[in-house]
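Asker: Structure in structure tokens, see below.
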Amino acid sequence: MKPLVIKTVNIACIIFISTLSALSQTAYTLQQCLEYAVENNRNLKKAHYDQEKATFARQEVLGTLLPQISGSASLNDNLKRSKFIMPNFINSMLPPAAQDPNAEKYMTIEMGMTFNANVGVSLNQQILNFSLFNTLEIAKTAEKMAALGVESNEEDIIYQTANLFYAIQSTEYAVVQMEKSIELVSKMLSTMEVNYKNGLVKKIDVDRLKVNLVNLTTQKGSIKNAADVQKNLLKLQMGFDVNNPIDIQEVNLALFEEKATINANMSFFIENQTPYRLLMKKMDMVKLQRKSAVYENLPTLALILNYQYNGVSDEFFRGETNYWYPTSVVGLNLRVPIFSGLSRKAKIHQNSIEVQKTEEDAKILEQSLSVAYLNARTKLNDAHNTIALQRDNQKLAEDVFNVAENNFVLGLSSMSDILNVSQSLVQAQLSYANALNDYMKAFIDLKKANGDIHSLTNENN
């Protein structure tokens, strides 16, 4: 039985390891990369912490508007009780015959008792405090700004992740095309080596083609290394373990044309822009700060309530000298600012200037976002046209290479022609891959400029 059990366990382990290996080999789609990045990016986690902190800050300010209740207690042992000096009226009150002519003019009386204690509770409730009410509004605005900060961080992460994703797709597409070129040149080299043995071609032609093949292989290795570097950057952006491999779904060429057709006429609304909405909240904030400076000139009113229970004793709260008695106070505390040396007026003017500056920032931002949108549309249209041209150019370069290869076999073209057309084919393939990358970058830029970058999480690859 034992060998059978061991064999069964080994088979189960092999299946488990194979399953893990298959899962690790799964190619990530754009949606999976974006979802992973939004969930695991470190900077975004910090932004969520800031949002949570802003929520607690608002609750802190709100707490100051509620009744502030505190308790107190004390116990004192008067090692040296205080003394009170007063005229010796006792001697002067005696009959003249009984008065002591040598008595001191002043007498000393010891005050209080050896021990005293008190325990009490106090309440303070703000009734009228415009500055504090305004502080609560500032805290609420700060909380909304923190939420927009999270949204802005998400947009940046989506933008960077999508750019890297499509850049990897384009680079890996270039690697695949380079491999096709290498395969064509390798087949041709094999044919030429056979022809060289049969005395049909020169050795120098075979060597030149070998050199070309080595150059193509080296160039492919450089492009592949570039893809690996881009993957490392993608893993860093996603919060993915940099020591684990990651595979990206292959590029879908047909989808590029579909995207160009569907998204060519995106509308622009400044209100959809997170940076603009964030600046509008900043505008609200500086206006509230100006109000704070104004409210510092207004009176404040608070309700005060104190209740204490006091005790005194010479024998540590026992015996005939042990006395306890309550005290309580209720009242209103009114504070009226009168003169501050014109400092509050200067503060109001400073805040007014900040409001004006923020209004100018809003105008500048609106113009810059509009220009970014127009530029993104222009780049997208240009990149779409370039893709069509480079795609046709790549097909033409492949046809030219095939014709040149046949002509060389027939003796109608030289080795220089072969080398030239092979280089042209490689250049056309790389240009098409770059055109794909430029198009997707322009597409993402337009999404971001339109304030619609979150929709990439629903995009097909």
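The values are calculated or read from the model by the stated rules, or taken from the named source; none is laboratory data. Since the structure is predicted, the reported quantities are computational estimates derived from the model, not experimental observations. Counting neighbours? That spans all protein chains shown, and the Cβs are built from the backbone with ideal geometry, glycine included. Please note that ligands, DNA and RNA were not included when accessible areas were found on the heavy atoms of the full protein model with its side chains. Shrake-Rupley method; radii C 1.70, N 1.55, O 1.52, S 1.80 Å.
Asker: How far apart, in nm, are the 7 Å Cα→Cβ label points at GLN350 and ILE270?
Answerer: 3.0 nm
Asker: Charges at C-beta only: +1 for Lys and Arg, -1 for Asp and Glu. How large is the resulting dipole of segment 298-403 about its Cα centre, in Debye rounded to 20? Don't skip to the answer; put the middle values down first.
Answerer: On the way: 11 positive and 12 negative charges, 81 e Å.
Roughly 380 debye, rounded to the nearest 20.
Asker: Above 13 angstrom, tally the Cα pairs of segment 61-130 and express them as a % of all pairs, no decimals.
Answerer: 78 percent
Asker: Mind checking the per residue accessible area of segment 393-461 for me, 1.4 Å probe, whole number of Å²? The partial results should precede the final answer.
Answerer: Details: 2930 Å² over 69 residues.
Accessible area per residue: 42 Å².
Asker: What number comes out for accessible area per residue over segment 129-201 if the probe is 1.4 Å? Units Å², please.
Answerer: Averaged over the residues of segment 129-201, the accessible area is 41 Å².
Asker: Sticking with this one: With θ set to phi - 60°, apply the Karplus curve 6.51 cos²θ - 1.76 cosθ + 1.60 along segment 357-362 and write out the HN-Hα couplings as whole Hz, x wherever there is a Gly or Pro.
Answerer: Result, rounded to whole Hz: 5, 5, 4, 5, 4, 5.
Asker: Let me ask something else about it. Let me check I've understood the local charge: for TYR323, count other residues with C-beta under 15 angstrom from its C-beta, Lys and Arg +1, Asp and Glu -1. What total comes out?
Answerer: Every neighbour counted, the sum reads -2.
Asker: With label points built 7 Å along Cα→Cβ from the Cα atoms of PHE84 and ASN434, find their separation and express it in nm.
Answerer: For PHE84 paired with ASN434, the spin-label model returns 10.0 nm.
Asker: What is the magnitude of the charge dipole of segment 394-461 about its Cα centre, with +1 placed on the Cβ of each Lys and Arg, -1 on the Cβ of each Asp and Glu, and no other charges, expressed in debye to the nearest 20?
Answerer: 200 debye
Asker: What residues from segment 375-417 fall in the zone where the backbone N is under 13 Å from a label point 7 Å along the Cα-to-C-beta line of LEU200?
Answerer: Only 406-412 fall inside the zone, counting backbone N under 13 Å.
Asker: Moving on. Taking the Cα centre of the chain as origin, work out the dipole magnitude from +1 charges on Lys and Arg Cβ and -1 charges on Asp and Glu Cβ, in debye rounded to 20.
Answerer: Dipole about the Cα centre, nearest 20: 540 debye.
Asker: Once phi is turned into θ = phi - 60°, what whole-Hz ³J(HN,Hα) does the Karplus curve with 6.51, -1.76 and 1.60 give for every residue of segment 293-299, x standing for Gly and Pro?
Answerer: Going residue by residue, I get 5, 5, 5, 5, 8, 9, x Hz, with x marking Gly and Pro.
Asker: Please give the contour-minus-distance gain from VAL119 to GLU359: 0.36 nm per residue of separation, less the Cα-Cα distance, rounded to one decimal in nm.
Answerer: 80.9 nm
Asker: Would you work out which of LEU412, VAL355, ILE387 lies farthest towards the positive end of the dipole of segment 354-418? Charges go on Cβ: Lys and Arg +1, Asp and Glu -1.
Answerer: LEU412
Asker: Let me ask something else about it. Given only helices, namely DSSP H runs of n ≥ 4 each adding -39500 (n - 2.57), what is the per-residue ellipticity at 222 nm of the chain, to the nearest 500 deg cm²/dmol?
Answerer: Calculated from helices alone, the mean residue ellipticity at 222 nm is -23500 deg cm²/dmol.
Asker: Here's another thing I want to ask about it. Per residue of segment 174-179, in order, report the coupling 6.51 cos²θ - 1.76 cosθ + 1.60 (Karplus, θ = phi - 60°) as ³J(HN,Hα) in whole Hz, putting x for Gly and Pro.
Answerer: Per-residue couplings from phi come out as 4, 4, 4, 5, 5, 4 Hz.
Asker: I've got another one for you. With point charges of +1 on the Cβ of Lys and Arg and -1 on the Cβ of Asp and Glu, referenced to the Cα centre of segment 273-318, which listed residue (LEU301, MET283, SER313) lies farthest in the positive direction of the dipole?
Answerer: Sorting the options by dipole projection puts first MET283.
Asker: When the accessible area of segment 68-188 is split by element with a 1.4 Å probe, what percent falls to carbon and sulfur?
Answerer: 59 percent
Asker: Sum up the charges of everything whose Cβ sits under 13 Å from the Cβ of LYS231, counting Lys and Arg as +1 and Asp and Glu as -1, but leave LYS231 out. Can you show the working numbers first?
Answerer: Values: positive: LYS224, LYS235; negative: GLU172, ASP228, ASP241, ASP247.
Local charge sum for LYS231: -2.
Asker: Given the pairs LYS45/LYS448; LYS45/LYS347; LYS282/LYS448; LYS45/LYS220; LYS53/LYS357; LYS231/LYS282, which span a C-alpha to C-alpha distance of over 32 angstrom in this model?
Answerer: Those over the limit are LYS45/LYS347; LYS45/LYS220; LYS231/LYS282.
Asker: Quick one: grab the alpha carbon gyration tensor of the chain, order the square roots of its eigenvalues as a ≥ b ≥ c, and give me rounded if a/c is under 1.5, else prolate or oblate depending on whether a/b is larger than b/c.
Answerer: Numbers: a/c = 4.62, a/b = 2.70, b/c = 1.71.
Cα axes put the chain in the prolate bin.
Asker: Here's another thing I want to ask about it. Suppose the chain between ASN297 and ASP207 were pulled fully straight at 0.36 nm per residue; how much longer would it get relative to their current alpha carbon spacing?
Answerer: 23.2 nm
Asker: What angle, in degrees between 0 and 90 and rounded to the nearest 10, separates the Cα long axis of helix 415-449 from the longest principal axis of the Cα atoms of the chain?
Answerer: Helix 415-449 sits at roughly 30 degrees to that axis.
Asker: Where the centroid of each part is defined by its Cα atoms, how far is segment 330-360 from segment 143-192 in Å?
Answerer: Spelled out, the Cα-based centre of one part sits 55 Å from the other.
Asker: Would you mind finding the longest exposed-site-free stretch of the chain, with exposed GluC sites (Glu not before Pro) meaning DSSP loop and at most 14 other Cβ atoms within 10 Å?
Answerer: On the way: sites that count: GLU104, GLU250, GLU315, GLU320.
Excluding the exposed sites themselves, the longest stretch runs over 105-249.
Asker: Enumerate the amide H contacts of TYR28 below 5 Å, restricted to partners 5 or more residues apart or on another chain; note that Pro and chain-start residues carry no placed amide H.
Answerer: ASP247, ILE248, GLN249
Asker: Report the local net charge at SER368: Lys and Arg +1, Asp and Glu -1, summed over other residues whose C-beta lies under 14 Å from its C-beta.
Answerer: Taking every other residue near SER368 into account, the sum is -2.
Asker: Please work out the Cα convex hull volume for segment 160-219 and give it in Å³ per residue.
Answerer: Values: hull volume 3.2 nm³, N = 60.
Enclosed volume per residue, from the Cα hull, is 53 Å³.
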